[in-house]
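Single-structure report; data block below.
The values are calculated or read from the model by the stated rules, or taken from the named source; none is laboratory data. Since we're looking at a predicted model, the values are computed, not measured. Backbone-built Cβ (ideal geometry, glycine too); neighbour counts: all protein chains shown.
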Amino acid sequence: MAGRHGPGLLARVIAAGVLAVSGATLADGDAPPRAQGDCGPARGALTVDDLPAGSSALRCAAVGRLVVHAGTGVAVPEPGMKVSVDSLSADGSRHGFSVEVAADGTVSYGLETGAGSAEHARPAAPRATAAARTAARAACADTAHAVSEHKEYGTYDWWLGDDALPGNLSPSAARRAFESAIATITGTRNDCGYGDVVGARAKFHSQTFHEADIDHRARCSARDGVSVWDAGDLGPGVVATTCTWSRTVAGGAPDWLKEADVRFNTGHYAFTDNPTANCKNTYDIRSVATHEAGHVFGLAHVGAGHENQTMFTNSFACSTGARTLGRGDVLGLRRLY
């Protein structure tokens, strides 16, 4: 997490480190040799086929470059780091994947597709109907959960963006809504009778001029070391997106979260902190925020048949159901913490 007094300094240090690794591509004759067949085009975005698993991000001068997959993308992180993008979709389809660069530069992927974790994309699942949601197992009976294999070992320090916020909330109201959502995750708030045995912690600091490192197509850009919650345009189909950066931990333990940014898509969707009986096509801020906070602390999506879990791929419009956790959500957090 960023230090309390110097997010700007930390951002410059991180940027300098990335440039030290990847900036050599900008100088003629200084770029590292590119391997035949596993480096893709010299300019522009890369695909997972251009930079396949097992190739070298260092040899290919790929650190800092965008890699795209299944409609989203991430900037390749520095060695020893992993970056993951998780998008909450409007139709229940899955949008997300991760890129990890080992200390020696070797690239590996975690690919999430329309029907779950698989090697190749499948057709996106249709949005669940009301009947399907009713038929889904009750939240407190459903044990389904998935994790992203990272966690916050210390305290998640976060800041609030200084531009317009979802639902046109004031900064103080947005802070309360987001703090409540984050506390639902750290305190495993649920209606199932499960006590809190999770040791996750979070602390809000202030508003900041920094922005979430997420672009207008819901892709993770290079990190600046400051965890920011804000709002902006993410393109159609994506209600909100979380980008997380984590560092490898020896011994097979979950990676150590270093930054997590969250952005609400106010360019295409409406949000409210108080859904009423007349609500239409508007998303509950706290339900969406709780889902995104789940990603921050290491939870991943669950799919069709688990619509009553907070980490279901879609947060239903006008519903406050995801404000509290289901059994599977709690079990996922207990698995990590």
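At-a-glance table
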read-out: Selection within segment 278-322 - among the β-branched types (Val, Ile, Thr) and part of a loop (DSSP other than H, G, I, E, B); value: Thr310, Thr313, Thr320
read-out: Failed item in (1) touching a helix residue (DSSP H, G or I) at 6+ places or on another chain (Cβ under 8 Å); (2) within 27 Å of Glu100 (Cβ to Cβ); (3) surrounded by fewer than 23 Cβ atoms within 10 Å (Cβ to Cβ), with Phe316 passing the rest; value: (2)
read-out: Residue list for segment 75-106, filter: of a type in the set (Val, Ile, Thr) and assigned to a loop (DSSP other than H, G, I, E, B); value: Val76
read-out: Members of segment 228-248 found to be in a loop (DSSP other than H, G, I, E, B), at negative phi and not charged (D, E, K, R), listed by number; value: Leu234, Pro236, Thr248
read-out: Inter-residue pairs, beta-carbon under 9 Å, first within 25 Å of Lys203 (Cα to Cα) and in segment 220-241, second in a loop (DSSP other than H, G, I, E, B) and among the basic types (Lys, Arg), 6+ apart; value: Thr241/Arg219
read-out: Of the criteria (1) in a loop (DSSP other than H, G, I, E, B); (2) within 29 Å of Ala270 (Cβ to Cβ); (3) free of Cβ contacts under 8 Å to residues at least 60 places away in the same chain, which one Gly193 fails; value: (2)
read-out: Criterion: modelled with pLDDT of 95 or more, within 22 Å of Thr208 (Cα to Cα) and not hydrophobic (A, V, I, L, M, F, W, C) - qualifying residue of Arg323, Arg286; value: Arg286
read-out: Contacts under 8 angstrom Cβ, first residue in segment 305-330 being under 12 Å from Gly294 (Cα atoms) and among the acidic types (Asp, Glu), partner at pLDDT 95 or above and assigned to a helix (DSSP H, G or I), 6 or more apart; value: Asp329/Gly294
read-out: Odd one out for Asp30, checked against (1) surrounded by fewer than 19 Cβ atoms within 10 Å (Cβ to Cβ); (2) at pLDDT 95 or above; value: (2)
read-out: Options Val63, Val67: the member that is assigned to a strand (DSSP E or B), at pLDDT 95 or above and crowded, with 19+ Cβ neighbours inside 10 Å; value: Val67
read-out: Residues of segment 186-234 satisfying the condition of being in contact with an Asp or Glu (Cβ under 8 Å, 6 or more places away or on another chain), of a type in the set (Val, Ile, Thr) and surrounded by 21 or more Cβ atoms within 10 Å (Cβ to Cβ); value: Thr188, Ile214, Val226, Val228
read-out: Residue within segment 239-247 that is surrounded by fewer than 19 Cβ atoms within 10 Å (Cβ to Cβ) and in contact with a Phe, Trp or Tyr (Cβ under 8 Å, 6 or more places away or on another chain) present; value: yes
read-out: Selected residue (only one of Gly251, Gly267 is assigned to a loop (DSSP other than H, G, I, E, B) and not β-branched (Val, Ile, Thr)); value: Gly267
